[in-house]
Structure formats: C-alpha cells, structure tokens
Amino acid sequence: MIPKLPSKLPDLETSIFTKMSQMALAHQAINLSQGFPDFDVDPELIRLMQKALQGPYNQYAPMGGIYPLREAIAQKTALLYDAEYHPEKEVTLTAGATQAIYTAISSTVFPGDEVIIFKPAYDCYEPTVKAAGGIPVLLQLEAPEYRIDWGAFRDALNSKTRMVIINTPHNPSGTILSKADLNSLEKLLQDTNTLVLSDEVYEHLVFDGRTHESICKFPGLKERSFICASFGKTFHITGWKMGYCLAPDHLMKEFRKIHEFVVFSVNHPAQRALKDYLEDPSRYEGLGPFFQRKRDLFLQALGGSRFEFTPSEGTYFQLLDYSGISQENDVRFAEALTRDYGVASIPTSVFNLGQRDFKQLRFCFAKTDDTLLRASEILCRL
C-alpha cells in the first residue's frame, strides 16, 4: 500500500517564471520574462574561474565560505554602507540568495509565528514561511507607486510578528525604499522582538542618482536583520548560484545550524574567483550606469507605443501598463503576447494579494541591445 502523504504546500503551482519561459521556448519568442541576462559574463571573471578550477580548490570549502571572500564581502559592505560585519562570525556564503532567504526563514520562524510580506513579492517568500509553519501576513502595495503604507504596517504588527520581509530595490515593481522608509521601519520595530529579512540582491542596480539604502545603515535594524545578496544578479552569473548572507552573530549562529544541513558549503572554485574579482571595486561601481543605459534604450524605443510606464528606479525590470491597449486579464494578455506576437513577459497579478490585476507586465531589460530593440519594435505594433 502506497502511503498517503499530506502536502506542506498543497496549493503551490508551477511558478510563473517556468510557465512563461516554457511558452517562450515553445513559440520561439523573445524572452524578457525570466530575470537572467542574455549577454556574456566578463571574460576576466571567467579567466579567474578557470584559474581556480586548475588549482587545489575542487574539494569542499569551509562551511561558512572561504575566509578571504568573507573578508572581501565585509570590506565591501563597510566601504559602501559604513557597516561592520565580522568575516568569521557574521558572513556566510550561500547557494544563491534564494537559499539564503530559505535558511534565514527556516532558522528563525516557528509554527504559529506571523511574517509580514509586502505584495507583490518574489515568489519564494510565502512558501518558505508556510513550510516552516509560519503564517504569512500579506500587505498589498498599490500600483503605480508601490509604496509601503506604514500605518497599515503598524496595524499588522503584534506580539506574534516574528519577521518582516523587505525587498529593495524591489522585484517586480522596480521601486526602492527611501531613507525615510527605513527610519519608519526602525522606529516601529524598536520595542519589538521582530526580525527583518532584507532581500537586497539588486543593491548595485539603482538609477538616476538614487542611493541604495541598505538595512545595515540603520543600527536599530542591523541588530535584528538578515541581509540576503546575490553575486549571480550582480555579475551576470545566475547559473553559478552564488550568494551570501550578512547577519549579527546571534542570528548567524542559528542561520548556520540550518545552512550546514541544507548545503554544508557552496562552490569552492567560484568563491576563489569571486574573491579575486572583488579586489577591483570598479567591478560593481559601474553596474548602475550600465543597466540604466539599457533601461533608457528600452524605454526610448517604446516611446511610440501605447504602453504607459514610470521608469524603473532599480533592478533590471520594467513594468509596462497595457491598459491603453487591452482590458484583458494580465495572465491571458501575457500568454497572447508570447504566443501571437513573440515577446514573453511576466504578468504581475500572480505576485499580488488575491491576484489583483493592475494591467501591468514585467519585462527584463538585462538583455543585449539587439534583443531589446527587436522586442520593442514588436511591442510598438500593439
């Protein structure tokens, strides 16, 4: 007799990223849906990886990551945000930021704990909270501004609130949290035991002279926060699955108890290559202008279209409002756009509370200029 197994996530469906990428492949559409670049990695980083592979670095790395890379991450964080993290005790290398997010939640959220999540949200947050036995408390951000209502947050906060998850720069909206936002969060949490998980994978992709306000710049938040970051997003190496987590010692001790038995350690040669690569700060300093140029190219090419938009403040995603073209549901519109016109995007209702439909699609502009111009030419015909 085959045992009947109850599901921890009975309502979880195939992710929208998988669905739209499969549709793009089936219809040979230009894929602006899933968030990965279609241009080459810096040849110097590839050379450093090849060098590491030829060295004595093909066995397990230390559980927390090699010390020189943790030291380089701590130095970068101090340089950019004037925040100190101990390389040995407060920095851990992970198999991508998603593993860091999973581990931070799994190590600190207990059954019955509440976790506040702002919608639209990256799709790994809620399932991980539920798998840990936690209760997602969902607060909707309203289009087109997608700003946090701190009064609504205050009303949702209570003695059961174990964690709040923030994401800046924000996927999918492309907005960023301001210094005033984080001052509000710091003040509201100061007399609570609530933790913060700050998803900052697009920290270097901020445009138009804006500043990324990392949570570690705010002492009252730093002491209670996990920061999850991504080398994959930063250096166009999503397939390497390399990320890291920053947290104060008392939180990192709990994080590593789960991390050790999820992956133990992550790609050793990649850690060596990234350590050498980070020795030159220009590697990340030029990323904002690089992606801003791509955003501007894409939006300028859409100037004659019927889409409406507010330029993305950060990330490599742009929301386009298609309400001037159609009133069709965004999932069906995205499917038709892929199937009938040959451009794949992501419908944003799937990230919203109750799948609220703001008639907006998310497009990834981390693509070659040719890809963006070909896609925009098609979009201008709608």
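The values are calculated or read from the model by the stated rules, or taken from the named source; none is laboratory data. From a predicted model like this one, the values you see are computed outputs, not experimental measurements. Reconstructed Cβ throughout: ideal geometry from the backbone, glycine too, with neighbour counts over all protein chains shown.
Being part of a loop (DSSP other than H, G, I, E, B), in contact with an Asp or Glu (Cβ under 9 Å, 6 or more places away or on another chain) and of a type in the set (Asp, Glu) narrows it down to one of 13, 84, so name that one.
On inspection, the qualifying residue turns out to be 84.
Can you tell me which residue is nearest to the chain's Cα centre (by Cα) among those in region 87-98 that are among the hydroxyl-bearing types (Ser, Thr, Tyr) and either outside any helix (DSSP H, G or I) or over 18 Å from residue 267 (Cα atoms) (or both)?
94
Of the residues in region 320-351, how many are surrounded by 15 or more Cβ atoms within 10 Å (Cβ to Cβ) and assigned to a helix (DSSP H, G or I)?
Count: 12.
I want to confirm something. Restricting to region 99-120 and keeping residues that are more than 23 Å from residue 242 (Cβ to Cβ) and within 15 Å of the chain's Cα centre (by Cα), which single residue is surrounded by the most Cβ atoms within 10 Å (Cβ to Cβ)?
Only one residue tops the list, namely 120.
Quick one: which of 46, 73, 101, 105 is outside any loop (DSSP other than H, G, I, E, B), without any contact (Cβ under 8 Å) to a residue 12 or more places away in the chain and within 29 Å of residue 212 (Cα to Cα)?
One residue alone meets the criteria, 46.
Could you tell me which numbered condition residue 157 fails, if it satisfies all but one of (1) out of contact with any strand residue (DSSP E or B) (no Cβ under 8 Å at 6 or more places or on another chain); (2) surrounded by fewer than 23 Cβ atoms within 10 Å (Cβ to Cβ)?
(1)
Grab the strands (runs of 3 or more DSSP E) fully contained in region 157-235, keeping just those with 2 or more residues being over 24 Å from residue 69 (Cα atoms) and of a type outside the set (Phe, Trp, Tyr).
Numbers: elements: 161-167, 195-199, 225-230.
Of the strands (runs of 3 or more DSSP E) lying wholly inside region 157-235, those with at least 2 residues that are over 24 Å from residue 69 (Cα atoms) and of a type outside the set (Phe, Trp, Tyr) span 161-167, 195-199.
Residue by residue, here is whether (1) of a type in the set (Gly, Ala, Ser); (2) loosely packed, with under 12 Cβ neighbours inside 10 Å; (3) under 27 Å from residue 203 (Cβ atoms); (4) not assigned by TED's automatic domain parsing to the domain that holds residue 295 holds:
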position	(1), (2), (3), (4)
6	no, yes, no, yes
10	no, yes, no, yes
29	yes, no, no, no
33	yes, no, yes, no
73	no, no, yes, yes
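Output the number of the condition that residue 87 fails; it satisfies all remaining conditions of (1) free of Cβ contacts under 8 Å to residues at least 24 places away in the same chain; (2) outside the structural domain of residue 216 (by TED's automatic domain parsing); (3) in contact with a Lys or Arg (Cβ under 6 Å, 6 or more places away or on another chain); (4) not charged (D, E, K, R).
(2)
Looking at residue 189, is it over 21 Å from the mean Cα position of the chain (by Cα) and either buried (at least 17 other Cβ atoms within 10 Å of the Cβ) or of a type in the set (Val, Ile, Thr) (or both)?
When the stated conditions are applied, residue 189 passes them.
Given the criterion surrounded by 14 or more Cβ atoms within 10 Å (Cβ to Cβ) and part of a helix (DSSP H, G or I), identify the matching residue among 306, 283. Can you show your working first?
Working: 306 fails: part of a helix (DSSP H, G or I).
Going through 306, 283 in turn, the sole match is 283.
Table: residues versus (1) without any contact (Cβ under 8 Å) to a residue 40 or more places away in the chain; (2) over 24 Å from the mean Cα position of the chain (by Cα); (3) within 25 Å of residue 230 (Cβ to Cβ).
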| residue | (1), (2), (3) |
| --- | --- |
| 256 | no, no, yes |
| 290 | yes, no, yes |
| 295 | no, no, yes |
| 301 | no, yes, no |
| 322 | no, yes, no |
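When the residues of region 352-373 are narrowed to those that are modelled with pLDDT of 95 or more and in a helix (DSSP H, G or I), which ends up surrounded by the most Cβ atoms within 10 Å (Cβ to Cβ)?
372
Hey, can you tell me all the residues within region 219-230 that are in contact with a Leu (Cβ under 6 Å, 6 or more places away or on another chain) and within 15 Å of residue 73 (Cα to Cα)?
Within region 219-230, 226, 227 qualify.
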